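Throughout, read-outs are computed from the coordinates displayed, never taken from laboratory work. Note that the coordinates shown come from a computational prediction; the quantities given were computed from them, not determined experimentally. Methodologically, a virtual Cβ is constructed for each residue, glycine included, from the backbone with ideal geometry; neighbour enumeration extends over all protein chains shown.
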Amino acid sequence: MIEAQALRKRYGANEVLRGVSLTVRRGEVAAIIGPSGSGKSTFLRCLNHLETIDSGAIAIEGEPLVATDAAGRCVYVPDLQLRRICAKTGMVFQHFNLFPHLTVLENLIEAPMVVQGVPRAEAVARAEALLDKVGLAPKRDSYPARLSGGQKQRVAIARALAMQPAIMLFDEPTSALDPELTGEVLRTMRELAEERMTMLVVTHEMGFAREVAHTVAFMDQGELVAARPAREFFADPGHERARAFLNHML
């Protein structure tokens, strides 16, 4: 579902991705862990073209998104094809990014109607089903300001799902939440994993990574230095820096 090969990304003199490669198969959950500033979020944002890469290759569901040509130039597919491929992914951010002037329901139906051309009645039915799925059907007419942080993040997940993506990307979805609100978001993500949604999750929640992820990848200083099946990773990540990180986090 996701094939990233030797991704490099630089901001000025700062190289934040240094040849990162990762494969995620259909129905798998991959957790990316590591210290702050290691390039985890940048890697995620490169996968759906929120950031461009300087070299490497990305394919989504077998379709090339970007590749590096023989001259070393990074070449993306044409715009129409790029938008279609990127629509295969939905993304949930740290800070919700809900439209404050729209109700919960309106937040969910806006993109399907405007971007996909879905008729309003169909978009509403899709949104109501998703709100029921994340346990927020009674909040359909509420505005984001009236929601808790955990509720806002579950709305953000439902909004991403409303576009019917094949892949869900999560960028530290619980990092902005109080500890008591984290559980309700992780429960929603566990349910998605049980339904075999392909997911790539940047997280500091080691319990979630251990229990839900099929693969755990550890990044440090722009490099992906260890990637193993979750059970093997937590038994022995196979890299001294990853061991030190786990000893600190667990």
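In terms of packing, defined here as the mean over residues of other Cβ atoms within 10 angstrom, the peptides 148-159, 111-122, 178-189 line up highest first as 148-159, 178-189, 111-122.
With N counted as the residues of segment 1-60, its alpha-carbon radius of gyration over 2.2 N^0.38 Å works out to 1.08. Between the Cα long axis of helix 120-133 and the first principal axis of the chain there is an angle of about 70°, rounded to the nearest 10. Averaging 1/r over each pair of different alpha-carbon atoms in segment 98-164 and inverting the result gives 11.4 Å, the Kirkwood hydrodynamic radius. Here the chain is assigned +1 on the Cβ of each Lys and Arg and -1 on the Cβ of each Asp and Glu. Its dipole about the Cα centre then comes out at about 160 debye.
Please work out the Cα convex hull volume for segment 128-246 and give it in Å³ per residue. Kindly include the intermediate steps, with their values, before the conclusion.
Working: hull volume 14.3 nm³, N = 119.
Once divided by residue count, the hull of segment 128-246 is 120 Å³.
Against the main long axis of the alpha-carbon atoms of the chain, helix 149-161 sits at an angle near 80°. Over all directions, the projected convex hull of the C-alpha atoms in the chain averages 14.1 nm² in area. Distance from the alpha carbon centroid of segment 146-180 to that of segment 75-94 works out to 19 angstrom.
Near Lys9, which lysines are there with a Cα under 20 Å away, not counting those fewer than 8 places off in the same chain? Straight-distance partners of Lys9: Lys40.
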